[in-house]
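I have placed the structure first, in the form of structure tokens, so that the comments after it can refer back to it.
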Amino acid sequence: MNNKITINETQYKALHKLWFVFGNNGKKHSHVNHRYIQNILEQGEDTEAFYNAKHTKEKISDECLGMVKEIIFKCPSCEGDIKYQHTHNTDWYGKLEYFDCVNCKDHLVIQNGNEINISA
């Protein structure tokens, strides 16, 4: 199941630029990165769960996911922009993605696509 998301014009333009890096035969192109960003731009669908399912051979790159989330998500504390830091895959907790808020400097951790912690 794909999650519907709404993006504004600024986010659309930023994602379109990103698409020329991770899709459309850009420097970091892969078919999955290309389709992931294209689905957001054209259909308003977040297909991360579909493309990163255990049965798929090729996954969306961590860098691509981080950059897309920087554009789409805002800090829950102050609604400021977030900056992707890194991704860590664990056997116990699954996939952990780390972000920092540009404004309030809070740390945001996302576990398997769900927000789990915000700390100063």
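What is the dipole size for region 1-72, taken about its Cα centre, with +1 at each Lys and Arg Cβ and -1 at each Asp and Glu Cβ, in debye to the nearest 20?
Here region 1-72 has a charge dipole of around 200 debye.
Quickly estimate the mean residue ellipticity at 222 nm for the chain, helices only: each DSSP H run with n ≥ 4 gives -39500 (n - 2.57), and the total goes over all residues, rounded to 500.
-10500 deg cm²/dmol
Does region 1-72 come out rounded, prolate or oblate by the C-alpha gyration tensor, with a ≥ b ≥ c the root eigenvalues, rounded set by a/c under 1.5 and, if not, prolate when a/b is larger than b/c and oblate if not?
Oblate, since a/c reaches 1.5 and b/c is not below a/b.
Hey, if you put +1 on the Cβ of every Lys and Arg and -1 on every Asp and Glu Cβ in the chain, which of Cys101, His88, Ala53 ends up farthest toward the positive end of that dipole?
Result: Ala53.
Would you mind checking the pairs Lys13/Lys105; Lys27/Lys59; Lys27/Lys74; Lys27/Lys95; Lys27/Lys105; Lys4/Lys28 and listing those with alpha carbons more than 21 angstrom apart?
The pairs that break the limit, which is 21 Å between Cα atoms, are Lys13/Lys105; Lys27/Lys74; Lys27/Lys95; Lys27/Lys105; Lys4/Lys28.
Please work out the C-alpha center-to-center distance from region 35-55 to region 58-85 and express it in whole Å.
That distance is 15 Å.
Among rounded, prolate and oblate, which fits the chain when a ≥ b ≥ c are the square roots of the eigenvalues of its C-alpha gyration tensor, a/c under 1.5 means rounded, and a/b larger than b/c means prolate?
oblate
Here, each number is a calculation from the coordinates, and none is a lab measurement. The model shown is predicted, which means the values in this text are computed figures rather than measured ones. All Cβ positions, even for glycine, are placed from backbone atoms using ideal geometry, and neighbour counts span all protein chains on display.
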